[in-house]
1. Quick check on my filter: what residues within the stretch B:353-378 are surrounded by 13 or more Cβ atoms within 10 Å (Cβ to Cβ), part of a helix (DSSP H, G or I) and free of Cβ contacts under 8 Å to residues at least 24 places away in the same chain?
2. For the stretch B:13-35, enumerate the residues that are part of a helix (DSSP H, G or I), more than 8 Å from chain A (Cβ to nearest Cβ) and surrounded by fewer than 23 Cβ atoms within 10 Å (Cβ to Cβ).
3. Among B:Y254, B:Y181, B:Y226, which is the only one that is surrounded by fewer than 17 Cβ atoms within 10 Å (Cβ to Cβ) and either in a helix (DSSP H, G or I) or within 21 Å of the chain's Cα centre (by Cα) (or both)?
4. So, in the stretch B:96-152, how many residues would count as being part of a helix (DSSP H, G or I) and acidic (D, E)?
5. In this structure, is A:G43 at pLDDT 85 or above, surrounded by 10 or more Cβ atoms within 10 Å (Cβ to Cβ) and either more than 14 Å from chain B (Cβ to nearest Cβ) or not in a strand (DSSP E or B) (or both)?
6. From the list B:D55, B:D75, exactly one residue is surrounded by 22 or more Cβ atoms within 10 Å (Cβ to Cβ) and among the acidic types (D, E). Which is it?
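The values are calculated or read from the model by the stated rules, or taken from the named source; none is laboratory data. Given the structure is predicted, the values throughout are model-derived calculations rather than measurements. A quick note on method: Cβ atoms are made from the backbone with ideal geometry, for glycine too, and the neighbour counts reach across all protein chains shown.
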Amino acid sequence: MINKPNNMMFRVFIRLIAVVVVTFSIYLFFSGHNAPGGGFIGGLMTAIAILVMYLVFGVSTIKESLPFNYTYMMSIGLLLAAFTGIISWIAGYPYLKQFFDYFQLPLFGEVELTTALIFDLGVYLLVVGAAMTFILTIVEDDS
Amino acid sequence: MSNLIVLPILFPFIVGAVLVFFAKNSRAQRIISGIGSLILVGLSIYLAVVAYQQDTVILEAGDWSAPYGIILVLDNLAALMLLITSILAAACLFFAFGTISSKREKYYFYPFYFFLIVGVNGAFLTGDIFNLFVFFEVMLLSSYVLIVNGATKYQLRESFKYVILNVFGSALFIMAVAWIYSVTGTVNMAHLSERVAEINQPGIVTAIAVMFFIVFGAKGGLFPLYFWLPKSYYGPPAAIAALFGGLLTKVGIYAIIRMFTLIFHHEPSFTHKGLIVTVAGFTMFLGVLGAVSQYDFKRILSYHIISQVGYMVMGLGIFTPLAVAGAIYYIVHHMFVKTALFLLAGATEKVTGTTQIREMGGLIKSHPVLTWSFFIAAVSLAGIPPLSGFFSKFPIILSGFQEGQWVISAVALLVGLLTLFSMMKIFGYVFWGENKLTEKQSEVSVTKLLIPIAPLVAFSVILGFAAEPIFTYSLHIAEQILEPSNYVNAVLKE
C-alpha cells in the first residue's frame, strides 16, 4: 500500500450501505419464485455486500468477523437443494414438486410458505459460497 | 412415472457434495467415493432391467407435464449408456486410488469426478434439448477442473485450448437450441420429433440439424473438429484420461444418435447417408493415420478414439436397424476396451516412468499379466474374432455393403487393418523386444492396478463370446430408437 489514504468516509458509509444491501438481498430472496428475485440474485447481492466490506476493511479483519467456510457453504447449498426434491418424493409425487400453503405468522400476518423457498435457500448459499470462493481465491493468490 | 430414474443424477450429486466436506481427508474420500461408485453400478443394473421390462419410463420433474416441464426419459439406449458409464466410473475410480497423487486428491478430485458423472448421466436421461445443454455444461465444467487438476505446465496449456473450444461449442449449441425453438416453438425432444414430422423437415430444419451435428461432432471428436482431443487427453493422469477417452466423446455420439433418430430423420439421403457417412469416413481414416504416425502410448490411444468414433457414426449414417445396432454394440465395446487400454497405458507408465514406446521394451518377461491384458484389449480393438471388436465392426461393415456404401465400407476395412498395425506397434515396442527395464523397474508391482482393469478386459472377452444375446439386445434398442413413435408416445402420452 502506498501512503495508506484516510478512507474514513468510506468506512462509515460502507457500514450503512452493507446493511441496506443485505436487507435488500433478503427481500429479493423472499420475493423469489412468484415475483422477480430469488436465491440466485439474492445470493449475488449478499456476496456483493460482503465483498465491499472486504475491500474496505481488508481481508484479515473480515475473515475474523465473518468466519465462514465458503466451500462448505456451497456444498451445504447443493445438499439443501437436492434434499428439497426428496421431500416431494417421500410424499409420493415426482421429484422436485413444490408444495405451498398459507400460514398466519405473528408480525407478518398471512404468509405463503413454500418448499421452493428451501430450494431457493440452497441456491442462495451456493451462490454466496461460489462468488466468495472465486474472489477470495484470486485475492489470496498474489502472496 | 417413477422417481427412481432421477437417482442416476441425484445420487452422484449428493455424493459429490458430501465429498467436499472431506476434501482434506483422502482416506474418507476414498471410502465414500468407492462405496458410492459401487452403489451406482448396482442402481444402473436395476434401471437397465426396469427399462428392458417397461421399454420407456419417464419422470416429469416437479410434476410439470410434458411438453412444458423438463422430462427425464429412460429408454433402453439411455439405460445401457448409464450402465456402462457407472462401470467405467467405478473402474477408473479404483484405478485412481492407486495412481493419483495426494496433491491432486486434495484439490477436489473426487467431488468433481462425481459431478462429471452427474452431467453425463443427466445428458443420457434428459428428454429436453435445453436441459441437454445444461447437463453438457455440468459435464464440461467438471471436465475442465479434472483436466487441469494437478496444474502441470503441459496441462495448463492444453486445457486452455480444450476450454476455449468447448466454450465455443457450447455457444453454438445454445444458438442451435434457440434456432430450433424459433422454428418449432418447443424444446421438448418428443414434441420436437412430432412437430418436425408434421412440417416434414424443410430445408431450415435440416440446416439446424447440421448445426447440431457440428456441435456434437466437436464434443465427440469428429472430423474436422477433433484436433483438440489427442493433446488434451495426453496431459491428465491415466485414470482421468481413461474416463475421458471412454466416456466423454461418447456423450457427444449419444447425442448425435438421439437427435438423428428421434428428430432429424426425414432426410436420410442428405443428413445420414451424405453428411454423416462422409464425415465418418474422414474421421476414421485421419484418426488412424494419426495413430500410425505417433510413438507415444497415450497419444496413439487418443488418436484411436477418433478413428473409433468414426465407426459409430458410420453405423448411424448407414441407418438400417442392423447398422444402428452395430453402432450401439460398438459404443459398448469401445467404452470398455478404450478405457481398459488407457488404464493399461497408465499401469505401464507406472512401471517404466515414460509413455514413449521406443524407450520401453521387454515388459513381457517381468509383467506377463499386464502384457496379456494389453494383448487381449489391443486385438479386440483391432477387430480380431472372437473378441468384441469383431462383432461390432462386422454388422456395420456388412450393412455398409448391403446398402451399397462401397467406399465407406472399404475405408472401414482398411482402418481396421491400420488399427491392428498400430496396436501391434505398441505391443512390439513395449512388451516384446530386448529388455530395457532396470532392475528396479522390473520389480514394480502393478497387481493392484490390474484389479480394476481386469473386469473391463473380461467384458471385452464376454462381449465377444456372448455376442448373440448382447447383439440381440442392441438390435432391440436399435429397433426401438428407429421407431420414434415409441419415445414420443411415452412422453406425450397419446
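1. B:W372
2. Result: B:S26, B:R27, B:A28, B:R30, B:I31, B:I32, B:G34, B:I35.
3. B:Y181
4. The qualifying residues number 2.
5. Yes; evaluated as a whole, the condition is true for this residue.
6. Result of the check over B:D55, B:D75: B:D75.
Matching residues to (1) touching an Asp or Glu at 6+ places or on another chain (Cβ under 8 Å); (2) buried (at least 20 other Cβ atoms within 10 Å of the Cβ); (3) aromatic (F, W, Y):
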| residue | (1), (2), (3) |
| --- | --- |
| B:M211 | no, no, no |
| B:P230 | no, yes, no |
| B:H265 | no, yes, no |
| B:V279 | no, yes, no |
| B:A291 | no, yes, no |
| B:F297 | yes, yes, yes |
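This table checks each residue for (1) at pLDDT below 90; (2) more than 29 Å from B:A79 (Cβ to Cβ).
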| site | (1), (2) |
| --- | --- |
| B:G428 | yes, yes |
| B:L437 | yes, yes |
| B:Q441 | yes, yes |
| B:V444 | yes, yes |
| B:E468 | yes, no |
| B:E479 | no, no |
